[in-house]
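**Q** I have a structure here, written as structure tokens, and I will follow up with some questions on it.
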Amino acid sequence: SSQVVWSMLGNRQFCSYKMTTKTQNFCRNEYNLTGLCNRSSCPLANSQYATVREEKGRCYLYMKTIERAAFPRRLWERVLLSKNYEKALEEIDENLIYWPRFIRHKCKQRFTKITQYLIRIRKLTLKRQRKLVPLRRKIERRENRREEKALIAAQLDNAIEKELLERLKQDTYGDIYNFPIHAFDKALQQQDAESESESDAEREEDDDEDVDKREFVEAEDSELSDFEDMDKLETSSEEEQEEEEEVEKKASHSKSKGKTPLKGPARRKRPYIEIEYEEETEPGSRTKAA
Amino acid sequence: PQRVLFPPTFSVSEIKNKQRRHFMFLRWKQQQRKEKLALKKKRRKEREALGDKAPPKAVPKTIENQRVYDETTVDPNDEEVAFDEATDEFAPYFNRQTVPKILITTSDRPRGRTVRFCEQLATVIPNSHVYYRRGLALKRIIPQCIARDFTDLIVINEDRKIPNGLVLSHLPDGPTAHFRMSSVRLRKEIKRKGKEPTEHVPEVILNNFTTRLGHSIGRMFAALFPHDPQFIGRQVATFHNQRDYIFFRFHRYIFKSEKKVGIQELGPRFTLKLRSLQKGTFDSKFGEYEWIHKRREMDTSRRKFHL
């Protein structure tokens, strides 16, 4: 009658365990040995059948015989296999001693595969596990929004500029930048009890620098609208450290776009003009060609 | 159509016709705006009329103004804090006994964006090295790093091809901070950027780290950079804390005059939000957490911040 069962379920009628795909048919029955839907692997269509299944890390051999076909509750006989691989194989052989070759072979294959994946599970649990944390949409949105608002409230550029100017005032940069700090100097002079001659000398120096500064400042601002020469300024600032007095002049000089760093201000006030000359060589070449 | 509005009974939302309703709403809005402007003008006139005796201008309320006072705010003259800072894990750095050496790595199998971000970060932070993690466990990397004299470890976590987390661990046994990283911009995505960051040691700006927790995080960031910035380079790295979001920017500055400075952004930018701070080095299971962000307790008030 297994023949009848197969002719019904296998090909013609409906089998609820059967899953068809483009290339193959699978069997979803939990007692199936190979997982495919075949005449020899269908647990419903074979009255003598065996499988290996594992539960909680232990492997069991399940067997079904014709004698118990009438008792569904006792249909599948379960045998615990030993944890030792070779011993378990022997146990399978013992239990399935006069059974068809196919089932014995497939049982052992299945058992091997199962033990292999159990070993892998045990190894992986020892390694680091990647923990997947679900994102909560509302919270993500809220955080993004708050971040945007915080960015606007932060006014980063202003804050950074303020901090840098503070540091300049606090003299953390030392003598690298020599700006004529008029207001500060005058305030210092008024507060400190310095001799008049010294203060006069300082004021004169300041005036000199003022005069020079005025000439350069106008051109400076126009050229510093784009920062193409920031790197050139680096090299110039190295020179600054060496010569403290002529720092400003050199700095303003080197900000010019050409490769001639030390030209006077008058040169840069003229816009850079390129002059092209046309040469008349064509009539000559034409006559030659002819 | 000219319709007269009767204030007590009539409301714009009761008109059924959409076009007319829209029109009436616009008119109502215009009226409101006019009234507001008139009010403003009146107030300004009053102010001018009073002259010197006018009451001071009202300061608008901002979230920073209304911030819930945090009891762990650091007072600059606090001795206890100063003592703590002199004896905590960053003391050797701040006493100039150690030079920072940083290892930057990612989670497994980093994608292109993360890799490029790591490289750029390595150019920004001096004395840093990028190593790829091929499935190595952090717990095993850390002793090796300590053996090779690294002072800090940065791990950039990646999700769906973008970096989204940062673990910053101070090595010889120091605190570990886990951040959530967002809005990462690589150098090529920044508009109007300058040339590449050079090898000079940048200056560091830490803004707005007020509480004790903020202080310790700020010191962690400061410990990444060597102590003596090279002013020739004119580069500055900024960690600005605003409402618990830490914005990182890298700029090149130039002093145009004593009152004006120009900055130009180079280098990557990203924002961090602190998720947890652990006392020892990275240990997710048995570590002792100094601070964890608990959403239910800490996100309840909009005016309460922890950094």
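**Q** Relative to the longest principal axis of chain B, what angle (0 to 90°, nearest 10) does the C-alpha long axis of helix B:18-50 take?
**A** 80 degrees
**Q** What is the range A:1-126's relative contact order, in percent, from Cα pairs under 8 angstrom and six or more apart in sequence?
**A** On the way: 144 pairs, mean separation 20.6, N = 126.
Result for the range A:1-126 is 16 percent.
**Q** Let me ask something additional. List, in the order given, every pair from B:Lys191/B:Lys260; B:Lys42/B:Lys304; A:Lys162/B:Lys273 whose Cα-Cα distance in the structure shown is over 28 Å.
**A** Working: B:Lys191/B:Lys260 22 Å; B:Lys42/B:Lys304 37 Å; A:Lys162/B:Lys273 24 Å.
Listed pairs above 28 Å: B:Lys42/B:Lys304.
**Q** About its Cα centre, what dipole magnitude does the range A:1-126 give when the only charges are +1 on Lys and Arg Cβ and -1 on Asp and Glu Cβ, stated in debye to the nearest 20? Mind dumping the intermediate values first?
**A** Details: 24 positive and 10 negative charges, 93 e Å.
The calculation lands at about 440 debye.
**Q** Just need the relative contact order of chain B here, percent rounded to a whole number, with Cα pairs under 8 Å and 6+ apart.
**A** Values: 482 pairs, mean separation 52.7, N = 307.
This gives 17 percent for chain B.
**Q** Can you pick out the pairs among B:Lys61/B:Lys294; B:Lys101/B:Lys285; B:Lys139/B:Lys279 whose Cα atoms lie more than 18 Å from each other? Intermediate values should be presented prior to the final figure.
**A** Working: B:Lys61/B:Lys294 27 Å; B:Lys101/B:Lys285 27 Å; B:Lys139/B:Lys279 15 Å.
Violating the 18 Å limit, Cα to Cα: B:Lys61/B:Lys294; B:Lys101/B:Lys285.
**Q** Further question: Can you tell me the 0 to 90 degree angle between the C-alpha axis of helix B:112-124 and the longest principal axis of chain B, rounded to 10?
**A** Between the helix axis and the principal axis of chain B, the angle is about 80 degrees.
**Q** Counting only other residues whose beta carbon sits under 10 Å from that of B:His293, what net charge do I get with K and R as +1, D and E as -1? Provide the component values of the computation, followed by the final result.
**A** Working: positive: B:Arg180, B:Lys273, B:Arg275, B:Lys294, B:Arg295; negative: B:Asp244, B:Glu297, B:Asp299.
Neighbourhood net charge equals +2.
**Q** Let me know the number of lysine pairs in the range A:1-126 closer than 15 Å at the Cα, not counting same-chain pairs under 8 apart.
**A** On the way: A:Lys56/A:Lys83; A:Lys83/A:Lys108; A:Lys83/A:Lys113; A:Lys87/A:Lys108.
Close lysine pairs found across the range A:1-126: 4.
**Q** Would you mind counting up the charge near B:Val261? Only other residues with Cβ under 12 Å from its Cβ, with Lys and Arg at +1 and Asp and Glu at -1. Don't skip to the end; give the middle numbers.
**A** Working: positive: A:Lys162, A:Arg167, A:Lys169, B:Arg234, B:Arg252, B:Lys256, B:Lys259, B:Lys260; negative: A:Asp157, A:Glu161, A:Glu163, A:Glu166, B:Glu258.
Once positives and negatives cancel, what remains is +3.
**Q** I'd like to compare B:264-276, A:69-81, A:140-152, B:177-189: which one has the highest average count of other Cβ atoms within 10 Å, and what's the full order after that? All intermediate terms of the calculation are to be shown ahead of the outcome.
**A** Numbers: B:264-276: 20.7, A:69-81: 12.3, A:140-152: 14.2, B:177-189: 17.5.
In descending order of packing, they fall as B:264-276, B:177-189, A:140-152, A:69-81.
**Q** Sticking with this one: At 0.36 nm per residue, and after removing the present C-alpha to C-alpha distance, how many nm does the segment from A:Asn11 to A:Arg136 gain when stretched out fully? Numbers along the way, then the final one.
**A** Working: separation 125, 0.36 × 125 = 45.00 nm, distance 4.89 nm.
Taking 0.36 nm per residue and subtracting the Cα distance, the gain is 40.1 nm.
**Q** Using DSSP, restrict attention to beta bridges with both residues in the range B:92-196 and report what percent are antiparallel, rounded to the nearest 5. Walk me through the numbers on the way to the answer.
**A** Values: 13 of 21 bridges.
Around 60 percent antiparallel, to the nearest 5.
**Q** May I pose another question? With both partners inside chain B, how many of the DSSP beta bridges are antiparallel, as a percent to the nearest 5?
**A** On the way: 42 of 55 bridges.
Close to 75 percent.
**Q** Compute the distance in nm between two label points, each set 7 Å from the Cα along the Cα-to-Cβ direction, one at B:Thr87 and one at B:Lys41.
**A** Going by the 7 Å Cα→Cβ label model, 6.8 nm.
**Q** Once the other residues with Cβ under 13 Å from the Cβ of B:Thr98 are scored (Lys, Arg +1; Asp, Glu -1), what is the net sum? Write out the running numbers ahead of the final one.
**A** Numbers: positive: B:Arg96, B:Lys101; negative: B:Glu89, B:Asp149, B:Asp152, B:Asp173.
Surrounding charge for B:Thr98 is -2.
Read-outs throughout are calculated quantities, based only on the coordinates presented, and are distinct from any laboratory measurement. No experiment lies behind these values; they were computed from the predicted model shown. With ideal geometry, Cβ positions are generated from the backbone for all residues, glycine too; neighbour counts draw on all protein chains shown.
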